[in-house]
1. If Rh is defined by the Kirkwood formula over all Cα pairs and Rg also comes from Cα, what ratio Rg/Rh do you get for the stretch A:24-173?
2. Taking the alpha-carbon set of the stretch A:4-325, what are its Rg and Dmax in Å?
3. What does the average come to when, for each residue of peptide A:89-102, you count the partner chain Cβ atoms lying within 10 Å of its Cβ?
4. Quick check on the protein assembly as shown: helices-only [θ] at 222 nm, where DSSP H runs of length 4 and up contribute -39,500 (n - 2.57) each and the sum goes over total residues. Nearest 500, please.
5. How charged is the neighbourhood of A:G226? Take every other residue with its Cβ under 14 Å from the Cβ of A:G226, and add Lys/Arg as +1 and Asp/Glu as -1.
6. What ranking of A:C284, A:C290 emerges when the number of other C-beta atoms within 10 Å of each C-beta is taken as an exposure proxy, fewest first?
7. What distance in nm lies between label points placed 7 Å from Cα along the C-beta direction at A:K9 and B:I117?
8. Assuming 0.890 mPa s and 25 °C, estimate D for the protein assembly as shown with Stokes-Einstein, Rh taken as the Kirkwood radius over Cα pairs, in µm²/s.
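Any read-out appearing in this document is the output of simple, stated calculations on the displayed coordinates, not a laboratory observation. Just so it is clear, the structure is predicted and the values come from calculations on it, not from any experiment. No Cβ is skipped: glycine too gets one built from the backbone with ideal geometry, and neighbour counts run over all protein chains shown.
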Amino acid sequence: MKNGLLTIKRLKKYFPYKKGLFVKAVDGVDLQIAEGKILGLVGESGSGKSTIAYTTVGMYSATEGEMVFKGQDINKLAVDRSLDMKGEIQIVFQDPGSSLNPRRNIKQILEVPLKLHSRREKSGFPSTTKEILEEVGLAQGYLTKSPRSLGGGERQLIAIARSLATKPSLIILDEPTSALDVSIQAKVINRLLKLQETFNLSYLFITHDLSLMRNVADRVAIMYLGKLCEEADTAEFFQRPLHPYTRMLLSSIPVATEEEEKLKPTKIKSTGEIPSSVYVPSGCSFHLRCPEKMDICPVVDPEMKLISTGHYVRCHAVKPEDEVNQ
Amino acid sequence: MWYKFSRSKLSVIGLFIVVSVILLAIFAPFIVPYPLHAGAYTDFANANQAPSAEFLMGSDNIGRDILSRIVFGLRSAITMSLFVLAISVPFGVFMGLIAGYFQRSLIDSVITRITDIFLSVPPLVLALVIASLLEPSLRNAMLAITIMWWPWYTRLVYGQASSISRLDFVRASELSGVKWWNLLFKEILPNCVSPILTKVTLDMGLVIIIASSLAFVGLGEQPPAPALGNMVADGAKYMPEQWWMTIFPALAIMIVVLGFNLLGDGIRDLYSMEDK
C-alpha cells in the first residue's frame, strides 16, 4: 500500500469532559486510503467514526498523530489549509436536511464552490452547474428549485454535486444514506459508485450498515470505542472475519432466507452496549462484551497484528498465520 | 404571499394605517389645511378654538391648527424612526453576526459583554441620560435612541447566527473555502431576515414612543417645531377644558404605533407560515 492517497497514523482526538477527564473519541487509529479506492469505516454510534471524518477535513484539530495527504501534512484546521487542499478533500454530511442553505436555490448553491475552484485545472471534472447536475443524474430544471422543495434523496445528490464542484480526490461520506428511505438509498449509492469510477475518486465511506459495505467498499475497517478492531479487503473480511466483535456484527445482520443464514458466521449473541468513551474499560475495551474473553484481556490492551496479507486484527485470541503453522 | 397576508384582517388594517401615515408624512405640506402652522406662527384671534369645520381638531393656545401640527409631527416621528433604525439595525446585525459566528472567541465575549451592559439598563432611562447630557435637540435625541437601540439587534441576531453557524451547510461552505465575510452575508444573514424584519416593523412604533417620551419631558425636538410628545405635554396644562390639545396628538401616537405593531405581527405570521 505504498501509493496511499491519505495516510493517518496514531490519530488521537480527545475532547475535554470534566476536570482531568476526556472523551477519548479517537484513540490511536491508523488508516490508509489508496487512490481510487473505497474504504468502509464501520462502527456503532459513539465509536468515533464521525470524529475521524471531521478531523480529516479539518473541522477538529487532532490531539495527536499524523495525517498526510498526497505527501502533504494536513494535520491542521481547515482555516489553515490552502484552498486547493480544501478542494481536494470534501465531505458529504449525513443529514441532507441541514446541509443545503434553505434560502438559496440549487444554482447558487453549486456556483459558489465551482467559482472558488475554477482556477484549478483537473481534467474531466464538470465546469458548469448544468454539467454537475448531469453527473449526479438530475435534470436541468432543478437549478431554479429551492432545497426545501426537494426530497431527501435529491438533496443528498445535490450535496454530492456540491462536493464534486471543488474537483476533489477524496470525498468523505459521513453516513450519506442513513437518513434516507431504503428505496432511495440504492439510487444514491449507485450514483456514488458511478462517480467514483468516472473521476477516479477515493471514498472514506462511514456507516453503521455493515451489509452495505460488502457491495461498496474495497476495504473495510471496524471501529470500536475509538480504536480499530479489524481491517481487511472486503472479500477476506466477509469470508474470514476473525475479531469477535466483527463476528458479532456480521451474525446480527438480518437476512431473508435460510441459505443466506448459512453464509453467516456461527451465531454469536450480541450482548451489552458500547461503554462510555470517558471511562474506557481497562485492557481490551471490548472484553466486557466478548464471548471469548481470556484472563489477559482486562489487563493488557492488544496490539494491531498482521494476520495474513492485508488482514489486520487487534485481539489476543487471534494468532498470526505463520505462528499457527509452526 | 399577499393572499396569505390578507387572510389576517388585523395585518391588513396595520398595513393600511402604516401606508396612510407614510403617505401623510410625505405629502404633509400639500395635504394639511394650514401648512404654516407647523412653525412659529401665531393667530391669537383664533386661539383655543374647539374642533369645528375651520379647525377640524381645534386650535392651540396661540391659534395654531392642531390637525396640521399633528401631521407634521407624524412626519418628524417617522423620519426619526427611519433614521434611528437605518443606523442601529445594520450595526447591531453586523455585531450579532460576527459574535454568533466566531463563537467562544475573544470578539464574541467582547461584543456579548458590551450588549449585556447596554441591555441591563432600561432603554428609556438610558436614552434620558444620554439626551440630558447633551444639549436637547432632535439630533441628539436621535443619537441617544440610536446608541441604545443596536444592542437589541445584536442580541437577536446573535442567537440566530450561532445556531445557524452550527448547521451543516455552513460547515460545507467553510470546507470548500468560502471566506468568512461571504459566509456571514450570503449563508447566515439570509436565514436571519425574518426575525429582523419583524422586529424592525415593531420597533418603528417603539422608537416613536420613546422619541415622544423624550419630547414630552423636553429632551426631544424643540418648539416651535411640532413633535407629538411636545404637543401632548403642552396640552396637558389645559386639561380638561381644552382636551383637544392633548387627546388628538395622543391618539395619533397610539394609532401609528398600533399600525406598526399589527403590521409587524402580520409579517411574523407570514414568515412562520412560510417556514413550515
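1. 0.98
2. Over the stretch A:4-325's Cα set, Rg and Dmax evaluate to 20.5, 65 Å.
3. Values: counts 1, 3, 5, 2, 5, 1, 2, 1, 3, 8, 6, 4, 12, 5.
Averaged over the peptide's residues, the number is 4.
4. It lands at -15000 deg cm²/dmol.
5. +2
6. Result, fewest neighbours first: A:C290, A:C284.
7. 5.1 nm
8. Values: Rh = 29.1 Å.
Translational D for this selection: 84 µm²/s.
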